[in-house]
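The values are calculated or read from the model by the stated rules, or taken from the named source; none is laboratory data. The structure displayed is predicted, hence computed values, not measured ones. Heads up, the Cβs are rebuilt from the backbone with ideal geometry, glycines too, and the neighbour counts pull from every protein chain shown.
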Amino acid sequence: MIAADELCLDELCTYTEDFLLNNRESLKSNLVLLLHVTTEFDQFTRISQFYKETYRQNPSLIFKAKDFT
């Protein structure tokens, strides 16, 4: 995701975002990493919006995430 954004590969960014949004378990299992990427890079607005809505509904998810340290 980061490389695609930095190389301005918009189509790859869109494909990656679509893939992750269609595989929500991937979003949940890599929650902290993907949250960091989506806040750092503006290209991934749909994933960022997904996380915002998810946290609004259940804020404790971030503390239950497998990759939360």
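Some notes on this structure:
- Among (1) surrounded by 14 or more Cβ atoms within 10 Å (Cβ to Cβ); (2) at pLDDT below 85, the one test that Glu11 misses: (1)
- Considering each residue of the range 15-29 in turn, none proves to be modelled with pLDDT under 80, of a type in the set (Asp, Glu), surrounded by 15 or more Cβ atoms within 10 Å (Cβ to Cβ) and in contact with a Phe, Trp or Tyr (Cβ under 6 Å, 6 or more places away or on another chain).
- Cβ-Cβ under 9 Å pairs, at least 6 apart or on other chains, the range 26-50 side touching a residue at least 12 places away in the same chain (Cβ under 8 Å), far side loosely packed, with under 13 Cβ neighbours inside 10 Å and of a type in the set (Phe, Trp, Tyr): Leu31/Phe68; Val32/Phe68
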